[in-house]
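The values are calculated or read from the model by the stated rules, or taken from the named source; none is laboratory data. Predicted model only: the values in this text are computed from it and were never measured. Using ideal geometry, Cβ is built from the backbone for each residue, glycine included, and neighbour counts are taken over all protein chains shown.
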Amino acid sequence: MSQRNVIRVSELAIAISLFEVGSTTLFFIGGEAKQDAWLAMLVGALAGLFLLLMHLSIHHQEPHLDLFLLFRRYMGKYVGTFVNLLFVGYFSYESSRNLRDFGEITVMTLLNRTSLWIIMLIVILVVSNSMRYGHIVMFRICVIFFPIMLVSYILISILIPVTGLFHFEFMLPVLESGWKPVLDAALPEIVSFPFGQTILFLVFYPHVRTGKGLNKAVITCYVITALALTFINQLNIFVLGPKIALYSTLPLLETVQLIDLAEVFERMDALFTMLLFLGLGVKMGAFFNGAIIGLEKITGIAYKKWVVPVAILIYGLAFLSPNYTHHIVIGRQLVLNYLFPVFQIVLPLLLFIIILIRKRKKRTNRSASEKT
């Protein structure tokens, strides 16, 4: 592997953090649990942490193989190739959803007289141009975006309480209806989005500079990001209350629009919209990259030759929903609960079990041959 394509552990940690933030702040996650959304987020994050530990364990079993090569080796040429094609489709669809979100937000907040297809065409062209240079460019872009997003979200989190918008009483009573609404909200929806999406990084782990700090860095950044997302998500409750937050189209944007401090900090919604664009761009690019790498591994055709076909596929998939309401309903009620868990839980768990069985069988055979 060329040193130019090696990812530093710090770059990986930053990319995972921005990827997790991605489009998460666009929605009110765990709204069905009302004021207990923070508990639903923590339950979902804990379940996602177990998935992440499984991903890392899979990686350490075969540190030089990525997600696609792992399925090919342990499930055979034909079944493995079929599963790999499914993952390419999954990554492409995830990327297309981010593209549609990007276009819809732009229409709603900035360019309400511009056609959706034009906005999404411009976005896919920009992202495709970045993807031509491979995964290393995406990780370096994350390093550039990270301080901007970190400072901006910290600023928003400070200004909301300072301006008197913070109402802690909206969070009470805790567990008013027991644990059932919390668990229903967390499993599998919050696991599927955003925490289970870390399955993508099995594509990139083999490119990380070898060292003992990988597990520590990945787990640490995951935990910190999960806690930060839980707090940011709960800001919707603290400001809008559970009922308004649940039925709001862009709850955190509405929350940020209320910030007005001494005629200095105004129009913070412009800052938040920029953060959404950066997060959506990172997430879209990461899934885009994963789909291209998958096709390269499946077909043996060079990475750059797949950029345009995958871009066309993503652009086309972004128009599957006739309107934004349909897009959200399909995303939040159907694919999160029934489709995504197959790729985030079922297939990785099946791979993990097969790897353990094969490794154990291999050790048993080796022990038997040594005795004879």
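The table that follows gives values for the structure above.
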{"quantity": "Candidate set: the stretch 293-315, residues that are within 20 Å of residue 122 (Cβ to Cβ) and touching a residue at least 24 places away in the same chain (Cβ under 8 Å); chosen: the one surrounded by the fewest Cβ atoms within 10 Å (Cβ to Cβ)", "calculated": "308"}
{"quantity": "Boolean, residue 153 is more than 26 Å from residue 8 (Cα to Cα), in a helix (DSSP H, G or I) and touching a residue at least 12 places away in the same chain (Cβ under 8 Å)", "calculated": "no"}
{"quantity": "Residue within the stretch 232-249 that is within 23 Å of residue 12 (Cα to Cα), hydrophobic (A, V, I, L, M, F, W, C) and in contact (Cβ under 8 Å) with a residue 60 or more places away in the chain present", "calculated": "yes"}
{"quantity": "Single condition residue 47 does not satisfy, out of (1) under 19 Å from the mean Cα position of the chain (by Cα); (2) farther than 29 Å from residue 83 by Cα", "calculated": "(2)"}
{"quantity": "Residues of the stretch 198-213 that turn out to be within 25 Å of residue 345 (Cβ to Cβ) and assigned to a loop (DSSP other than H, G, I, E, B), as a count", "calculated": "1"}
{"quantity": "Scan of the stretch 78-133 for residues that are assigned to a helix (DSSP H, G or I), over 28 Å from residue 302 (Cα atoms) and among the hydrophobic types (A, V, I, L, M, F, W, C), ordered by number", "calculated": "102, 105, 107, 108, 116, 117, 118, 119"}
{"quantity": "Output for the stretch 214-254, where each listed residue is at pLDDT 85 or above, farther than 15 Å from residue 194 by Cα and either hydroxyl-bearing (Ser, Thr, Tyr) or in a loop (DSSP other than H, G, I, E, B) (or both)", "calculated": "220, 241, 247, 248, 250"}
{"quantity": "Candidate set from the stretch 316-344 (those that are within 21 Å of residue 292 (Cβ to Cβ) and among the aromatic types (Phe, Trp, Tyr)); member that is surrounded by the fewest Cβ atoms within 10 Å (Cβ to Cβ)", "calculated": "319"}
{"quantity": "Which listed residue is closer than 12 Å to residue 193 by Cβ and either buried (at least 19 other Cβ atoms within 10 Å of the Cβ) or not small (Gly, Ala, Ser) (or both), from 48, 31", "calculated": "48"}
{"quantity": "Filtered residue count, the stretch 315-345, keeping only those that are part of a helix (DSSP H, G or I) and polar (S, T, N, Q)", "calculated": "4"}
{"quantity": "Filter result (among the aliphatic types (A, V, I, L, M) and under 22 Å from residue 5 (Cα atoms)) within the stretch 283-330", "calculated": "284, 286, 291, 292, 293, 295, 298, 301, 302, 307, 308, 310"}
{"quantity": "Flag for residue 275 being in a helix (DSSP H, G or I), in contact with a Gly (Cβ under 7 Å, 6 or more places away or on another chain) and surrounded by 17 or more Cβ atoms within 10 Å (Cβ to Cβ)", "calculated": "no"}
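Per-residue answers, yes or no, for (1) among the small types (Gly, Ala, Ser); (2) farther than 29 Å from residue 103 by Cβ; (3) outside any helix (DSSP H, G or I):
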| site | (1), (2), (3) |
| --- | --- |
| 28 | no, no, yes |
| 37 | yes, no, no |
| 42 | no, yes, no |
| 59 | no, yes, no |
| 64 | no, yes, yes |
| 73 | no, yes, no |
